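To start, the structure under review is shown below, and the notes come after it.
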Amino acid sequence: MKKYFFLFVILFLLWLLTSCGGAAPVEEPITEEVPAEEPAAEAEESPYENPPESISPLYVHEESIWKSNIIDLCWENPNQNNQADRVLIQSAIENTWEAVSLVDFVGWGACTPESKGIRIQLSDEPPQTKGLGTNIDSLENGMILNTTFNHWGCVDVNGNRVPCIFPYKGYSREDYIRISAVHEFGHALGFAHEQNRIDSPSWCDLQQGADGTMPIGGWDLNSVMNYCNPQWGGDGKLSEMDIIGVQRVYGAKRIEKERKKFDGLFEKPHFGE
Ligand SMILES: [Zn+2]
């Protein structure tokens, strides 16, 4: 009996170590990295040249997957000044995660103390989610998104953080909002950083934040969840594997219009219904 108790304690400690629901927020290293100007130095090792045969994208934290595809969402601090930015964020999500899967974020109004689901605070700090998937369910300020970028997002030639003046390295302020929102919503759906996977190549050593539990299939350099993506944040556009990944977890959108748009992808045999 004692043996089982120790086994349980060890398993519990392991769970604590790997859990994303802990105190440490999933802070964004894009703080330091973004936007990447050049691909990683040892690009010749890039998986582009040896594409994995199996495709099973994203790094899912299985226990944090939402039970329903319909997920409540609210803003902690909506006001007139950030209205256009909120519209932009909503549109970015509608055109990515929601466009290809059955995920439907509903509400988008002001939070109340009782609000459930994802609660977004707009604040000039590193974009982050304070856990993966359902770990931020009903959590006040569970997701932080930045729309002003005076204290995060840009550095001078010496690497010191400075208020952003856009365009910055070819990005507009709207690009920053859109790209970081798509990434953070990936976390909110239960996806960890792709580069945290154990099969991440050695040149990609930007591991950060909570790990997933299901690193199956090929590592995806193009994922919006991969800091090593030579295109910062995948430019806020889901990679082919991101699309397949979110569809595998939450179901594929099958309406005719979307089917046409993603026709090539729907032909792949890997899709579940
Ligand atoms: Zn992240």
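The values are calculated or read from the model by the stated rules, or taken from the named source; none is laboratory data. The shown structure was predicted, so the numbers you read here are calculated from the model rather than taken from an experiment. Cβ sites come from the backbone with ideal geometry, for glycine too, and all protein chains shown count toward neighbours.
The table below lists the values:
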read-out: Top-ranked residue of region 202-225 - restricted to ones that are polar (S, T, N, Q), modelled with pLDDT under 85 and closer than 30 Å to Cys74 by Cβ, ranked as nearest to the ligand (Cβ to nearest atom); value: Gln208
read-out: Residues of region 160-201 satisfying the condition of being in a loop (DSSP other than H, G, I, E, B) and among the β-branched types (Val, Ile, Thr); value: Val162, Ile165, Ile198
read-out: Residue within region 65-81 that is part of a strand (DSSP E or B), within 16 Å of the ligand (Cβ to nearest atom) and over 17 Å from Val246 (Cβ atoms) present; value: no
read-out: Residue within region 190-201 that is within 16 Å of the ligand (Cβ to nearest atom), modelled with pLDDT of 90 or more and of a type in the set (Ser, Thr, Tyr) present; value: no
read-out: Residues satisfying the stated conditions in region 135-188, i.e. charged (D, E, K, R) and within 30 Å of Ser115 (Cβ to Cβ); value: Asp137, Glu140, Arg173, Glu174, Asp175, Arg178, Glu184
read-out: Search result, residues across region 111-140 that are under 24 Å from Glu194 (Cα atoms) and polar (S, T, N, Q); value: Gln128, Thr129, Thr134, Asn135
read-out: From His183, His187, residue being crowded, with 23+ Cβ neighbours inside 10 Å, within 13 Å of the ligand (Cβ to nearest atom) and closer than 19 Å to Ser68 by Cα; value: His187
